[in-house]
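The values are calculated or read from the model by the stated rules, or taken from the named source; none is laboratory data. Values in this document were obtained by computation on a predicted structure and should not be read as measured data. Quick reminder, even Gly has a Cβ in these numbers, built from the backbone with ideal geometry, and neighbours come from all protein chains shown.
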Amino acid sequence: MAQYLNATTLLELARLAEARASAPCVCTKTPLDGWQSQPLSLDETQFDEIGTLRPEEHAEPTFSEYLPDKTSYWSPNAPIAPRFFPYNRCAVWACRLCGRLYLHYTEGGGYFVDRRIRAVKAELIEDVPLPP
């Protein structure tokens, strides 16, 4: 299993990746600021999985979402709250070309499976505790 990354570690890795990235990302032509269905043109071989936000101690992470200030799931400015859905089901990928981090998970519905991806931005990471 991939190494578990808590919010603090994810924030440190995101800041480091952003500091190293000097050129605009050309990994994909589709903007990935908010959640997107993974573009068919995205070459997964250019990414390394560096960890997971899925904690081992929870057999089934919560489906509760953290969306303050009228943000939506698809909003580019929606917070990245690792304890909440869908982040608590994400792998963290690093692009070999640009060094940036991306979140990746598979959304499964009744009749579909959708691989989704979102760029990690350090300023959006929030360490919010789950409600009791």
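Would you check if TRP35 is surrounded by 16 or more Cβ atoms within 10 Å (Cβ to Cβ), under 18 Å from GLN3 (Cβ atoms), among the hydrophobic types (A, V, I, L, M, F, W, C) and modelled with pLDDT of 95 or more? Against the criterion (surrounded by 16 or more Cβ atoms within 10 Å (Cβ to Cβ), under 18 Å from GLN3 (Cβ atoms), among the hydrophobic types (A, V, I, L, M, F, W, C) and modelled with pLDDT of 95 or more), TRP35 does not qualify. Can ALA21 be described as of a type outside the set (Ser, Thr, Tyr) and closer than 22 Å to LEU130 by Cβ? Here the answer is no, as ALA21 does not meet what is asked. Close Cβ contacts (under 9 Å, 6 or more residues apart or on different chains) running from residues in region 10-29 that are closer than 20 Å to CYS90 by Cβ and among the basic types (Lys, Arg) to residues that are at pLDDT 70 or above and assigned to a helix (DSSP H, G or I) comprise ARG15/ALA122. Can you tell me which residues in region 90-132 are among the charged types (D, E, K, R), free of Cβ contacts under 8 Å to residues at least 40 places away in the same chain and not in a strand (DSSP E or B)? GLU123, the sole residue that qualifies.
So, in region 89-120, of the ones that are touching a helix residue (DSSP H, G or I) at 6+ places or on another chain (Cβ under 7 Å) and among the charged types (D, E, K, R), which residue ends up surrounded by the fewest Cβ atoms within 10 Å (Cβ to Cβ)? It comes out as ARG96.
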